[in-house]
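This report refers to the structure that appears directly beneath it.
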């Protein structure tokens, strides 16, 4: 046994036997960070055992979320595990993992699940996962957290079922950017597109990850709803109109929002839901355009020169928003990504 294998074995054994909740969470994080890539299969096996065998049952959702992050479409042997935890009442983080390993084969199962009794949050999580995998806009203009949804968009889901579960195959519309960028914005987007292209090469079309690695022109009605709420700098508006991430682009640990998710992502920062009044501690000129671990990146519209505006970052959960300037403009922010 190599030193690495022994270390992994020791950590795994501690994880499976500890009765300390804090130690349990820390061991999960350590195993995933240290061995999630170089010993991925072994890590998955250990995490699955932890869900099934550990006495720390209240943390099973946390572990299932890590498993869903680690699996790929090649881990089909884990499909029974995801079906099992969903049926056992631990579905929230399992839907995306199931869709990764089963693909469209699990669509009927998930639609059937949505018609059974369960919480709005769990069903909302299933709908979000289905939307991201299929490319269907079930949750368009809804908050990213289903806890804030007024109602589930079941009519859309059931209509999709009747149609035979069609998938919208996103296409990269901007290959010219790689070789012929003209403006500074196009040059910045071209670099982002190169990063996303590598992700798409790794994932199959219509996989959960592939659909999150697409730039596309936003639909007019989506842009119109955004313009009704905010007067945007020209450069940022052009970005949303022409080069918008289909969902969120994950770049350097930052979630960069696209037009389809921009309004919904303001929930929890600016308001509880898009129809509610803004929170009293939120400046009406602040627009959250990205986040890192829920810490918002804010485009300050009050400082717009008409073409661009500076970007600030603020830690969440502090009781008060303390903004720190991170970029003099949105263009500069993109270039850093």
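The listed residues are 59, 79, and the only one of them that is in a helix (DSSP H, G or I), in the same structural domain as residue 107 (by TED's automatic domain parsing), closer than 22 Å to residue 106 by Cα and under 24 Å from the mean Cα position of the chain (by Cα) turns out to be 79. For segment 28-53, taking the residues that are part of a loop (DSSP other than H, G, I, E, B) and within 23 Å of the chain's Cα centre (by Cα), the one that is nearest to residue 15 (Cα to Cα) is identified as 36.
Looking at 53, 42, can you tell me which residue is loosely packed, with under 14 Cβ neighbours inside 10 Å, in contact with a helix residue (DSSP H, G or I) (Cβ under 7 Å, 6 or more places away or on another chain) and closer than 24 Å to residue 91 by Cα?
Details: 42 fails: loosely packed, with under 14 Cβ neighbours inside 10 Å.
Step by step, each of 53, 42 is checked, and only 53 is loosely packed, with under 14 Cβ neighbours inside 10 Å, in contact with a helix residue (DSSP H, G or I) (Cβ under 7 Å, 6 or more places away or on another chain) and closer than 24 Å to residue 91 by Cα.
If the requirement is being on the phi > 0 side of the Ramachandran plot and in contact (Cβ under 8 Å) with a residue 12 or more places away in the chain, which of these qualifies: 306, 328, 258?
Numbers: 328 fails: on the phi > 0 side of the Ramachandran plot; 258 fails: on the phi > 0 side of the Ramachandran plot.
Of the residues listed, the single one that is on the phi > 0 side of the Ramachandran plot and in contact (Cβ under 8 Å) with a residue 12 or more places away in the chain is 306.
Sub-8 Å Cβ pairs linking a first residue in segment 190-210 that is exposed (fewer than 14 other Cβ atoms within 10 Å of the Cβ) to a second residue that is modelled with pLDDT under 70, at least 6 apart or interchain, are 194/178; 202/209; 204/210; 205/169, ordered by first then second residue. Only one residue in 188, 131, 147 is outside any loop (DSSP other than H, G, I, E, B), at pLDDT below 95, in the same structural domain as residue 214 (by TED's automatic domain parsing) and within 26 Å of residue 294 (Cβ to Cβ), so which one is that? Residue meeting the stated conditions: 188.
The values are calculated or read from the model by the stated rules, or taken from the named source; none is laboratory data. Not measured: the values here are computed from a predicted model. Methodologically, a virtual Cβ is constructed for each residue, glycine included, from the backbone with ideal geometry; neighbour enumeration extends over all protein chains shown.
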